[in-house]
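The values are calculated or read from the model by the stated rules, or taken from the named source; none is laboratory data. Because the structure is a prediction, the values reported are computed rather than measured. So basically every Cβ, Gly included, is an ideal-geometry build from the backbone, and we count neighbours across all protein chains shown.
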Amino acid sequence: MADHEPARLTIALAQIEVEPAAVAGNRERALEAIAAAAERGADLVALPELFSVGYFAFEEYERAAEPLEGETLSALQTAATEHDVAVLAGTIVEDLAATETAPTPADEGLANTAVLFDASGERRLVFRKHHLFGYDSSESELLVPGERLETADVGGFTVGVTTCYDLRFPELFRRYVDAGVDLFLVPSAWPYPRVDHWETLSRARAIENQSYVATINGSGQFPDADATLLGRSTVYDPWGVTLASSGDDPSLVTADLEPERVERIRDDFPALTDRRE
C-alpha cells in the first residue's frame with residue numbers, strides 16, 4: 001500500500017508594489033500577481049491591505065470606494081475563475097451604501113474590506129477591519145469598523161481573515177479559533193520602523209493559537225505621508241516557525257501548508273485545551 005500523502009494547500013502571498021491613488025495600475029499588478037501565482041501552482045493567492053488605492057492615500061479613499069459588486073472585486077473574481085485559484089482580495093475601500101449583496105455594519109460610510117473568492121469565483125467570506133488605527137492616521141475618522149466574523153473552508157483549512165492593526169488584539173484571533181479557524185490570512189499595510197512588532201505579533205498569533213498565520217504586506221512609498229511599507233510578507237506554521245518570507249521589495253511568497261500539521265501540534269502540545277475562563 002502506498003504511503004499516505006498528506007493534504008497540502010499551496011499559498012502565495014502577493015507582495016505587490018502599491019502606488020498611492022493609482023487604482024488602475026495597482027489593480028493590474030494584482031491581476032498579474034494572481035496569474036503568476038497560479039502559474040507556480042498556488043491554490044490560494046492573497047493580496048495586501050488596500051492594495052488598490054494605498055493605505056496612506058487617505059484623501060483618495062472616497063474617490064476610490066467601490067461596492068462589493070464593483071470593478072476591482074469583479075476583476076479579481078473573474079481572475080479566480082480563469083486561473084482556478086482561490087483569491088483573497090486583500091482589502092479595498094468599500095462604499096457601504098452602494099453594496100447590495102452582503103450585510104453591512106452601517107447604511108452609509110466607508111469600510112476597509114477583504115473578500116475571499118474560491119476557485120470557482122464564489123464569494124466565500126467578507127471581513128471588514130475591526131480595529132481602526134488612530135495613532136498618526138486618519139483611518140479611524142474615515143472608516144466604519146467591521147462587526148462580523150465569517151469563516152470559509154479552503155483546501156482542508158478553516159480560514160479566517162483579520163487586517164493589519166487587528167494583529168495587536170489577540171482576543172479577535174481567539175474568537176476565530178473558537179469558530180474552528182486554523183489558517184489566518186492577514187492583509188496589511190505595515191510601515192517602517194515597526195519591523196519588530198510586525199514579526200513578533202504575527203509569530204505570537206501563530207504560536208498561541210496553534211494555527212498557520214500568513215501576513216500579506218505591500219511594498220512601496222507614500223511620500224505625502226512620509227511612510228514606507230516594510231514588506232516582509234511571511235507564512236508561519238502552528239509552532240511559530242517561518243516557512244517563507246520576503247524582504248521589502250515586490251515579491252511572491254509561496255509555501256505549502258498541511259492541515260495535518262495543525263492537528264498534530266494541537267495533539268502533541270494541547271495548550272488550547274488547558275484554557276480557563
query = Can you name every residue in region 126-173 that is among the aromatic types (Phe, Trp, Tyr), modelled with pLDDT of 95 or more and more than 18 Å from residue 47 (Cα to Cα)?
reply = 157, 169, 173
request  = Give me a count of the residues in region 183-224 that are at pLDDT 95 or above, charged (D, E, K, R), surrounded by fewer than 24 Cβ atoms within 10 Å (Cβ to Cβ) and in contact with a helix residue (DSSP H, G or I) (Cβ under 9 Å, 6 or more places away or on another chain).
outcome  = 1
query = From the set of residues in region 169-182 that are in contact with a helix residue (DSSP H, G or I) (Cβ under 6 Å, 6 or more places away or on another chain) and either surrounded by fewer than 20 Cβ atoms within 10 Å (Cβ to Cβ) or among the hydrophobic types (A, V, I, L, M, F, W, C) (or both), which is farthest from residue 11 (Cα to Cα)?
reply = 172
inquiry  = Quick check on region 7-25. Is at least one of its residues of a type in the set (Ser, Thr, Tyr) and touching a helix residue (DSSP H, G or I) at 6+ places or on another chain (Cβ under 6 Å)?
reply    = no
request  = Could you list, in sequence order, all residues of region 52-93 that are aliphatic (A, V, I, L, M) and part of a helix (DSSP H, G or I)?
outcome  = 64, 73, 75, 76, 79, 80
key: Checking residue 220 against (1) in a helix (DSSP H, G or I); (2) small (Gly, Ala, Ser); (3) touching a residue at least 40 places away in the same chain (Cβ under 8 Å), the condition it does not meet   = (1)
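Across region 247-268, what is the total count of residues that are more than 30 Å from residue 33 (Cα to Cα) and surrounded by 14 or more Cβ atoms within 10 Å (Cβ to Cβ)? Reasoning before the result, please.
Step one: list which residues in region 247-268 are more than 30 Å from residue 33 (Cα to Cα), which gives 263-268.
With the extra rule that they be surrounded by 14 or more Cβ atoms within 10 Å (Cβ to Cβ), the set shrinks to 264-266.
Residues flagged as more than 30 Å from residue 33 (Cα to Cα) and surrounded by 14 or more Cβ atoms within 10 Å (Cβ to Cβ) within region 247-268 amount to 3.
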request  = Select, from 215, 228, the only residue that is free of Cβ contacts under 8 Å to residues at least 40 places away in the same chain and closer than 20 Å to residue 26 by Cβ.
outcome  = 228
note = Of the residues in region 94-133, those that are of a type in the set (S, T, N, Q), in a loop (DSSP other than H, G, I, E, B) and crowded, with 17+ Cβ neighbours inside 10 Å number 2
Residue list for region 134-164, restricted to those being farther than 28 Å from residue 263 by Cα and not in a loop (DSSP other than H, G, I, E, B) = 139, 140, 141, 142, 143
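Mind telling me which of the residues 50, 31, 44 ends up being of a type in the set (A, V, I, L, M) and at positive phi?
50
Residue by residue, here is whether (1) over 20 Å from residue 257 (Cα atoms); (2) of a type in the set (D, E, K, R) holds:
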| residue | (1), (2) |
| --- | --- |
| 34 | no, no |
| 42 | no, no |
| 50 | yes, no |
| 62 | yes, yes |
| 69 | yes, yes |
| 94 | yes, yes |
| 105 | yes, no |
